[in-house]
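The values are calculated or read from the model by the stated rules, or taken from the named source; none is laboratory data. The structure displayed is predicted, hence computed values, not measured ones. No Cβ is skipped: glycine too gets one built from the backbone with ideal geometry, and neighbour counts run over all protein chains shown. To get the accessible areas, we keep the full protein, side chains included, count just its heavy atoms, and leave off ligands, DNA and RNA. Shrake-Rupley method; radii C 1.70, N 1.55, O 1.52, S 1.80 Å.
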Amino acid sequence: MVGPSSSHTAGAVRIGLMTRQLLKDEPVQAQVGLFGSFAATGRGHGTDKAICAGLLGMHSDDERIPHSLDLATKSGLRISFENIDHLPDAHPNTAVITAVGKTGRQIVVQASSVGGGRIMIDKIDGIDVQFSGEMHTLVVHNYDVPGHVALVTQLLHQYHINIATMRLYRKNRGGYSVMVLETDQPVDEPVIGQIERADGIIRVTYVEKGAC
């Protein structure tokens, strides 16, 4: 990894890269809120540069990380940082990233760096979620109506994809919800495409094991 800190640097790169993956677009604008230790000492450890590097698609061993803010300017990514004073129940190394992509896609990701370069995605668009991205991970954004869980699980069964874990989250009954599935096998584009085309599906993102 490019240091100096596994939590403040390597983990922060993964947070930025995971946000890019979840956005499913090339980010052109990002507002980054830093909380706790990220806010207090993060800039000294290069956390701002690390998150920016991840948003640009870099991994934690990329030697360009120290120059990522300059590279962002050249690539057209407008990025800003602010400290967050109060974030209930948040890990001390937490970032909240509001990202906008080239095609207009938007996402708000709250994620924490939990040590040793590992991360946890805590919220997506204000909905509580808990996943690390260390397995093949399928994230389905949908409206909370009957049939979506059956659709996704039946498709995965049809393509011989085994579900390791599955968690459902929603803002309110009948409203915006998120389905997070970790799988033993990779999920190929034809499967993702069939899910995306179903009525009531807002967005599907997929993070391949090891991609971040």
Put M179, M135 in order of accessible area, largest first, 1.4 Å probe: what do you get? M135, M179
Determine the distance separating the Cα centre of the stretch 43-119 from the Cα centre of the stretch 139-186; give it in Å without decimals. 27 Å
Under a GNM of the chain (C-alpha, springs under 10 Å), which listed residue has the highest mean-square fluctuation: Q21, Q110, Q158? Q158
Set the Förster distance to 41 Å, then compute FRET efficiency between Q185 and E63 from the Cβ-Cβ distance, nearest 0.05. 0.80
Hey, what angle do you get for helix 11-23 against the long axis of the chain, alpha-carbon based, 0 to 90 degrees rounded to 10? 40 degrees
Among L87, H45, L56, which residue has its Cα positioned farthest towards the positive end of the charge dipole of the stretch 38-97, with +1 placed on the Cβ of Lys and Arg, -1 on the Cβ of Asp and Glu, and the dipole taken about the Cα centre? L56
If one computes P(r) from the Cα atoms of the stretch 101-189, what percent of pairs lie at distances over 20 Å? 42 percent
Considering the chain as a Gaussian network with a 10 Å cut-off on Cα pairs, which listed residue, R64, R173, R14, attains the greatest mean-square fluctuation? R173
Sorting E208, E182, E26 on solvent-accessible surface, 1.4 Å probe, most exposed first, gives E208, E26, E182
Tell me, in nm to one decimal, what length is gained between T98 and D128 on full extension, where the rule is 0.36 nm per residue of separation less the Cα-Cα distance? 9.2 nm
Just grab the label-to-label distance for K171 and H86, each label 7 Å out from Cα along the Cβ direction, in nm (one decimal). 2.2 nm
Nearest 10 degrees is fine. How inclined is helix 148-158 to the longest principal axis of the chain, computing both from alpha carbons? 80 degrees
Dipole of the chain, positive direction: furthest Cα of I201, A10, T73, with charges on the beta-carbon: T73
log10 I(q)/I(0), Debye, Cα-only the chain, no solvent, q = 0.15, 0.18, 0.19 Å⁻¹? -0.91, -1.24, -1.34
